[in-house]
Structures are given as structure tokens and as C-alpha cells.
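Here's the structure we're looking at; comments come further down.
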Amino acid sequence: MTTSSSSAQLLDGKALSIQVLDELKATVSARIESGKSQPGLATVLVGEDPASHIYVRNKRRACEKVGVASFHHELAAETGQEQLLDLITKLNADDRVHGILVQLPLPKEFDYDENEVLAAIDAKKDADGFHPLNQGALLQGRPAPVPCTPKGVMRLLDLTNLDLSGMHAVVVGRSNIVGKPVALLLLARNMTVTICHSRTKDLATEVRRADVVVAAVGVAELVQGDWIKPGAVVLDVGINRNQEGKLVGDVEFFGACQNAAWITPVPGGVGPMTIGMLLQNTVEAANLYD
Ligand code: NDP
């Protein structure tokens, strides 16, 4: 943790993610030295979306850093659902593969059914934690792979060492990949959780009551600095470009720093944690096998 220009302390996702990868590297080499298999992650990329190519490249590079084997599959956009499902069936049966990640979104111009694709992945190999069985397990508080960005948010929140029990959390955003799972993780820590979305009538009033704010919206600086309760923790998942083309979060950072006790910067906060949590899910999946 470092101190920002005002009163808030920065929750440094870049530093924490380096630590997570270092720890995973040590875990992986200890596994291999003890005669266990090398953890393996299969990445599946369909189509030519440039952002998806960058995300997958970064994930594969992180695999290399920690000693996780990476099996990459690139399919043309027009490949089609059946062939994609065939590949997933093969990866499910491949002993070298402990985690499977299908990069989303699938090409919009072809008729892919993302829900069917995610459900086809063996739930034990679901490195992203998006399989319906694993999302159900999260709802019931049973152990299962947890979606990577929410898991990273919780690791950052733990840097504060706060006793979260009974505190009030406000999550802005209710997507299946961030908002809903993060709300369940906060609830599992005995927080009182409010979930806000585009139909919420008075977002400012809801956020003003929060001891912990998680913003996962995708609207640049939607959450105003003066909405933040003094002493609150602010975890900003959003990645947006503002009108000047600068990378900003969903929270108005400098204003929020005046009130928050802890805050994640954008970039360098939640973003870097996601890949570390993906590899952690892969190594945890390998532990289920040997
Ligand atoms: P989605 O678009 O799937 O969900 C956005 C949510 O925000 C929806 O629930 C929507 O409400 C809500 N919302 C939209 N506008 C408003 C508003 N004006 N007031 C209140 N709520 C609103 O986004 P994701 O969850 O996938 O991603 C959210 C952000 O996080 C994005 O900026 C994305 O880039 C970033 N992200 C970052 C990651 C990382 O750091 N590694 C990983 C994943 C996402 P409704 O449901 O009513 O439409």
C-alpha cells in the first residue's frame, strides 16, 4: 500500500499481482519437484478481435512466467458452435489441461451461444469461474473456482485488514462476471450488500451509505468523489477512456481520494489482479487431480 496525493491510501494491484505470480511460481515448481504434473491452461480464441488477442497474449505470457504450460487454440470467426464445442470436449479429456479459458466475447456476427459454450467446459477445469455449476456453488457458499476479477477485488480488499463483518457494501453493476459474484463474495464475509444498476433510482444516496464501494459499470467517472463516505474503501473495476482519451475508472478518482481511506487506482488497481487469479484458479484445479 502507498499513500496517494490526498488522504486515501492506494491499494496497489500491480505490486500485489507481482507478489501473487511470484508465489504461484514457487508453488508450481514445488509441485513439479514433488513429482506432480505441471499445471496447464488451454486458451481458446475465436476470431480477430484485437483486444481479445492482447488479453490472451498477456495470459499466455503470465503462464510462462509462473511455469504453467499453455495450450493455445485459435479458431477463425466463422468456425461455428459445433466445432468449438468439439474442441472443448477434447480439452476436457486432455490430462495435460487443468484449466480452460474461452476468451469472450465470441464474434457477434456469427451465431455463437456463449452460455452453451461456457456450460460445455468441465466445471473442474473452469479457470474463469463462469460455469453455471460454479456460479451456483458460489451462491450456495460451496468451494468452486471463483470468477477472476471478483476474486482479485477481494484480495485487494484484504490488504486493508478491516473486519468487514456487519459493514455495508454497495456494488454498482450486476453483470454475471463482476457485479453479481463480487456481491456474493462480500455477502460471504457477512457484509450487508446493496446491488445497484442502471435502474437504481438514486445512485448517489446508495453510494453515500457505503463502507465499501465496488464500481463495475463501464461508465467513465460515474461515481462522484463527493458520494464517497469519509473512511470508505473504493474498489474501481471500470476501465474506460475519458473524453481526452485517458484511461479512467468508473469512479472520479481525485475527488474520491479526498474522502476514501483506501482506493484502487485505474490503471494499476483491479486490472492487474485478474490474470494472477486466473493462474491461481488453474493451479488450484491441478491440485484436484494430483
Ligand atoms: P457490463 O456492461 O456487463 O455491466 C455493467 C453494469 O453496470 C450493468 O449491470 C448495468 O446495469 C450497470 N450500469 C450501467 N450504467 C449504469 C448507470 N448509469 N448507473 C448504474 N449502473 C449502471 O460490464 P462488466 O461487468 O463486464 O464490466 C464493468 C466494467 O469493468 C467495464 O468497464 C469493464 O471494462 C471492466 N472490467 C474490468 C476487468 C478487469 O479489470 N480485469 C474485467 C471485467 C470487466 P443493467 O444491468 O441495469 O444494465
Next on the checklist: Among (1) away from the ligand (no atom under 16 Å from the Cβ); (2) in the same structural domain as I54 (by TED's automatic domain parsing); (3) within 21 Å of I275 (Cβ to Cβ), there is one condition N134 misses while meeting the rest; what is its number?
Outcome noted: (2)
Item to check | First in segment 248-277 and away from the ligand (no atom under 14 Å from the Cβ), second anywhere and charged (D, E, K, R), Cβ under 7 Å, 6 or more apart | outcome: G255/D226; N259/K229
Checklist entry - Quick one: in segment 90-117, which of the residues that are over 15 Å from L75 (Cα atoms) and polar (S, T, N, Q) is farthest from the chain's Cα centre (by Cα)? => result N92
Checklist entry - Across segment 195-213, what is the number of residues that are surrounded by 18 or more Cβ atoms within 10 Å (Cβ to Cβ) and not acidic (D, E)? => result 7
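Which residue, of A256, A286, is closer than 25 Å to S34 by Cβ and either among the hydroxyl-bearing types (S, T, Y) or crowded, with 20+ Cβ neighbours inside 10 Å (or both)? I'd like the intermediate steps shown before the answer.
Details: A256 fails: closer than 25 Å to S34 by Cβ.
Of A256, A286, the one residue that is closer than 25 Å to S34 by Cβ and either among the hydroxyl-bearing types (S, T, Y) or crowded, with 20+ Cβ neighbours inside 10 Å (or both) is A286.
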Next on the checklist: Looking at segment 171-181, can you tell me whether even one residue there is open to solvent by less than 10 Å² (accessible area, probe 1.4 Å), away from the ligand (no atom under 15 Å from the Cβ) and under 18 Å from the mean Cα position of the chain (by Cα)?
Outcome noted: no
Next on the checklist: Of the conditions (1) away from the ligand (no atom under 16 Å from the Cβ); (2) outside any helix (DSSP H, G or I), V117 satisfies every one except a single condition; which number is it?
Outcome noted: (2)
Item to check | Evaluation of L247 against (1) aliphatic (A, V, I, L, M); (2) out of contact with any helix residue (DSSP H, G or I) (no Cβ under 9 Å at 6 or more places or on another chain); (3) not assigned by TED's automatic domain parsing to the domain that holds L162 (one fails), failing number | outcome: (3)
Checklist entry - Scanning segment 215-234 for residues that are more than 10 Å from the ligand (Cβ to nearest atom) and under 19 Å from the mean Cα position of the chain (by Cα), which turns out surrounded by the most Cβ atoms within 10 Å (Cβ to Cβ)? => result V234
Item to check | Breaking point among (1) open to solvent by 60 Å² or more (accessible area, probe 1.4 Å); (2) part of a loop (DSSP other than H, G, I, E, B); (3) more than 19 Å from P147 (Cα to Cα), for Y112 | outcome: (1)
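Let's see how each residue does on (1) touching a residue at least 60 places away in the same chain (Cβ under 8 Å); (2) out of contact with any helix residue (DSSP H, G or I) (no Cβ under 6 Å at 6 or more places or on another chain):
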| residue | (1), (2) |
| --- | --- |
| H131 | no, no |
| P145 | yes, no |
| T149 | yes, no |
| M154 | no, no |
| D163 | no, yes |
| G166 | no, yes |
| L184 | no, no |
| R189 | no, yes |
| E221 | no, yes |
Next on the checklist: Going by what's in this entry, would N134 be described as at pLDDT 95 or above and open to solvent by 30 Å² or more (accessible area, probe 1.4 Å)?
Outcome noted: no
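The values are calculated or read from the model by the stated rules, or taken from the named source; none is laboratory data. Note that the coordinates shown come from a computational prediction; the quantities given were computed from them, not determined experimentally. Neighbour counts are summed over all protein chains in view; Cβ atoms, including those assigned to glycine, are modelled from backbone coordinates with ideal geometry. For the accessible areas, the whole protein counts, side chains as well, though only heavy atoms, and no ligand, DNA or RNA atoms are used. Shrake-Rupley method; radii C 1.70, N 1.55, O 1.52, S 1.80 Å.
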